[in-house]
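Engineer: Mind looking over this structure? Questions follow.
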């Protein structure tokens, strides 16, 4: 994860390509209820201010020229599962989903975005929005029923970027502690 960005803006075409590839993540029932809110220019500053991220993240992260908010539309899923080829499982009601796949699908699209950014030689940082998320979404005109699953800062890595945070202070758990074959 990139912690120090160069403020040079991304070309619109490059961002569009990243998001086009990211949206190809799995989609339950091919509901296609994942959206991306891509912020650049003054909108990025507004994002940091409204969410309080300007007090949480240092200048290196805030220098990212683009912040993408992966969004999940539950209505796209419940509507899709009310259609003839999917009806009969009760999934036309959001409360009946043990796992809300709209969030899962949006998270997988965010993962795709991280991977494709890395593949293109860019820096990226996924992080949670801990304050005023709905206020921020409302400010940018996101419909009230649409949910966020965090944010992804994207841009060119600054020459001073170096691994930091928990990934350098905590060891990765051994595979034997997390892979359970045949039984926990």
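Engineer: For 30, 77, what's the fewest-to-most ordering of other Cβ within 10 Å of each Cβ?
Structural biologist: Working: 30 9, 77 26.
Ascending Cβ contact count within 10 Å gives the list 30, 77.
Engineer: Moving on. Please order 136, 1 by the number of other Cβ within 10 Å, starting at the fewest. Before the final figure, lay out each step's value.
Structural biologist: Working: 136 24, 1 18.
With the fewest neighbours first, 136, 1 line up as 1, 136.
Engineer: So what's the angle, to the nearest 10 degrees on a 0 to 90 scale, between helix 101-119 and the longest Cα principal axis of the chain?
Structural biologist: The helix 101-119 is inclined about 30 degrees to the chain.
Engineer: For helix 42-51, report the angle its Cα long axis makes with the longest principal axis of the Cα atoms of the chain; keep it between 0 and 90° and round to the nearest 10°.
Structural biologist: 70
Engineer: Next up: Given contacts defined as C-alpha pairs under 8 Å and at least six residues apart, what's the relative contact order of the chain, whole-number percent? Before the final figure, lay out each step's value.
Structural biologist: Working: 286 pairs, mean separation 63.8, N = 184.
It rounds to 35 percent for the chain.
Engineer: State the extension gain, in nm to one decimal, for the chain segment bounded by residue 16 and residue 118, taking 0.36 nm per residue of separation less the distance between their alpha-carbons.
Structural biologist: Working: separation 102, 0.36 × 102 = 36.72 nm, distance 1.53 nm.
Extra length from residue 16 to residue 118 when fully extended: 35.2 nm.
Engineer: What is the gain in length, in nm to one decimal, between residue 8 and residue 55 on full extension, counting 0.36 nm per residue of separation less the C-alpha to C-alpha distance?
Structural biologist: Working: separation 47, 0.36 × 47 = 16.92 nm, distance 2.22 nm.
Roughly 14.7 nm would be gained on extension.
Engineer: Continuing with the same structure: Quick one: the Cα spread of the chain along its three principal axes, in angstroms, biggest first?
Structural biologist: For the chain, the Cα spread along each principal axis is 55, 46, 30 Å.
Engineer: Please list 84-97, 168-181 highest first by mean number of surrounding beta-carbon atoms within 10 Å per residue. Walk me through the numbers on the way to the answer.
Structural biologist: On the way: 84-97: 11.9, 168-181: 7.6.
Peptide ranking by packing, descending: 84-97, 168-181.
Engineer: Along the three principal axes, how long is the stretch 143-184 when you take its alpha carbons, biggest first, rounded to the nearest angstrom?
Structural biologist: Extents along the principal axes: 42, 40, 15 Å.
Every read-out reported here was derived from the displayed coordinates using simple, explicitly stated rules and does not represent laboratory data. Fair warning: this is a prediction, and the values are worked out from it, not measured in the lab. Every residue, glycine as well, gets a Cβ built from its backbone with ideal geometry; the counts of neighbours run over all protein chains shown.
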